[in-house]
Amino acid sequence: MPFLDSKGVQLYYEEAGTGFPIVFVHEFSHDLRSWEPQLRYFSRRYRCIAFNARGYPPSDVPASPSQYSQVIAADDIANVMRDLGVRKAHIVGCSMGGYATLHFGLRHAGMARSLTVIGAGYGSDADKRAQFLRDTEVLARRFEELGTPEAITVYQIGPARVQLQNKDPRAFREFCEEFAGHSALGSANTLRGVQARRPTIYSLKRGLSRMRVPTHIISGDEDNNCLEPGIFIKRVCSAARLTVVPGTGHAVNVEEPDTFNRLTDEFLALVDSGRWHPRDPRSIGKLTTVDRK
């Protein structure tokens, strides 16, 4: 199996196709297998690279939560690229991977041609923050005490997951089976080291307002924990555009792969052709009396 090195941690990866690189970064509940519909589609024209984050076998599972963090997750993307000789790439991430993708754009802007961020922002809302932190610790303990298959029984049918169950029971069963095979230690450490300690989307306002990397925020309209953070990013980052997919939950790329592929293909083509532009400042200003006439 192919592995690459991220400062001593071995990360498993797969790649397909040739052309300009796209790096796919998975969510907490899944691994690189969640990107299979995208690898099949985009590898026709791009060099597609997907990897398992630390804590997700066959990648290494560091024993201490201190070896997991939001900064480390973003830097792991950069180290994946360096190890494979990739100087610049489109970065596509979902949920936890979307957070890492956003931070990659803030930390390694010169290595990103574009950012596609799906369903990022859970845990950012101030009125839900304390509950998010409590729930994160409870889930980490469930992994430690019960093992992965039992720990995830409630999580996998959360409010933003039932959409996949209703639309595509076969895909939902596959998601549950693959999630159940994850490392309990890796999941617990990821929850404590990355999820519970990452900054909220709202705290990134200053960096986002300065970021110029072409960015596409994608959210399902029934992903209640990520809708508002997505709108916030659109408002403060002139480099960002926002797409809300109707009747859809959290992992848009899994739940609506054809729609996601089309939207992303159009965005990447716009960037690659040099026709992407940041938001026109005139669209932000207030209407004057003359404008209203």
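Every number in this text was worked out from the coordinates using simple rules, so none of it is lab data. Computed from a predicted structure; not experimentally measured. Cβ atoms come from the backbone with ideal geometry, glycine included; neighbour counts cover every protein chain shown.
Answer rounded, prolate or oblate for the stretch 43-186, using the Cα gyration tensor with square roots of eigenvalues a ≥ b ≥ c: rounded when a/c is under 1.5, else prolate when a/b is larger than b/c, else oblate.
The shape class here is prolate.
Kindly provide the pair-distance distribution of the stretch 72-111 built from C-alpha pairs, with 10 Å bins from 0 and whole-percent values in order of increasing distance.
In order of increasing distance, the bins hold 34, 60, 6 percent.
Grab the DSSP H runs of the chain that are 4 residues or longer, score each as -39,500 (n - 2.57), total them, divide by all residues and round the 222 nm result to the nearest 500 deg cm²/dmol.
-12000 deg cm²/dmol
Per-residue counts of other Cβ atoms within 10 Å, averaged by peptide: what ranking do you get for 115-123, 182-190, highest first?
In decreasing order of mean packing, 115-123, 182-190 become 115-123, 182-190.
Residues in the stretch 204-220, backbone N under 20 Å from the label point at ALA109 (7 Å along the Cα-to-beta-carbon vector): list them, ranges by number please.
Label zone hits: 204-217.
Out of all DSSP beta bridges with both ends in the stretch 3-278, state the antiparallel percent to the nearest 5.
25
For a Förster distance of 25 Å, can you work out the FRET efficiency between the beta-carbons of ARG212 and ASN261, rounded to the nearest 0.05?
0.45
What residues have an amide H closer than 5 Å to that of SER6, excluding those fewer than 5 places away on the same chain, when H is modeled at 1.01 Å from N in the peptide plane?
Long-range HN contacts for SER6: LEU11.
R0 = 51 Å: FRET efficiency of MET1 with ASP127, Cβ-based, nearest 0.05?
After rounding, the FRET efficiency stands at 0.70.
Would you mind estimating how fast the stretch 186-243 diffuses translationally, via Stokes-Einstein at 4 °C and 1.567 mPa s with the Kirkwood radius over Cα pairs, in µm²/s?
The estimated diffusion coefficient comes to 103 µm²/s.
From the phi of every residue in the stretch 232-246, what ³J(HN,Hα) in whole Hz does the Karplus formula 6.51 cos²θ - 1.76 cosθ + 1.60 yield, where θ is phi - 60° and glycine or proline is x?
Using θ = phi - 60°, the values come out as 4, 4, 4, 6, 9, 10, 5, 7, 9, 10, 10, 10, 10, 9, x Hz.
Going by a ≥ b ≥ c, the root eigenvalues of the Cα gyration tensor, does the stretch 148-293 fall in the rounded group (a/c under 1.5), the prolate group (a/b larger than b/c) or the oblate group?
In terms of gyration-tensor shape, prolate.
By how many nm would the segment from ARG235 to THR153 lengthen if fully extended, with 0.36 nm per residue of separation less the alpha-carbon distance?
Length difference between fully extended and current span is 25.9 nm.
Mind pulling up the Rg/Rh value for the stretch 114-223? Radius of gyration and Kirkwood radius, both on Cα.
We get a ratio of 1.00 for the stretch 114-223.
Under the rule of at least 5 residues apart or a separate chain, name every residue whose amide H is placed under 5 Å from the amide H of ASP221.
Amide H neighbours of ASP221: VAL245, GLY247, THR248.
Quick one: plug the Kirkwood hydrodynamic radius of the stretch 1-104 (C-alpha pairs) into Stokes-Einstein at 37 °C, 0.692 mPa s, and report D in µm²/s.
Taking Rh from Cα pairs, D becomes 245 µm²/s.
What do you get when you divide the Cα radius of gyration of the chain by 2.2 N^0.38 Å, with N the number of residues?
In units of the 2.2 N^0.38 Å rule of thumb, it is 0.97.
What are the ³J(HN,Hα) values, in whole Hz, obtained from phi via the Karplus relation 6.51 cos²θ - 1.76 cosθ + 1.60 with θ = phi - 60°, for each residue of the stretch 172-180 in sequence order, with x given for Gly and Pro?
Computed from phi, the couplings for the stretch 172-180 are 5, 4, 5, 4, 5, 5, 6, 4, 5 Hz.
How many angstrom lie between the Cα centre of the stretch 199-248 and the Cα centre of the stretch 119-136?
The two parts, judged by their Cα centres, are 16 Å apart.
Among ASP135, ASP221, what is the fewest-to-most ranking by other Cβ atoms within 10 Å?
Starting with the residue having the fewest Cβ neighbours, the order is ASP221, ASP135.
Within the chain, how many lysine pairs that are 8 or more places apart, or on different chains, have C-alpha atoms less than 22 Å apart?
6
How much FRET efficiency would the formula 1/(1 + (r/R0)^6) give for LEU270 and ARG134, where r is the Cβ-Cβ distance and R0 is 51 Å, rounded to 0.05?
For R0 = 51 Å, the calculated efficiency reads 0.75.
Relative contact order for the stretch 3-278: what is it in percent, counting Cα pairs under 8 Å that are at least 6 residues apart?
Contact order relative to length: 20 percent.
Compute the length gained on full extension between SER183 and ARG45: take 0.36 nm times their separation in residues and subtract their Cα-Cα distance, giving the result in nm to one decimal.
Roughly 46.3 nm would be gained on extension.
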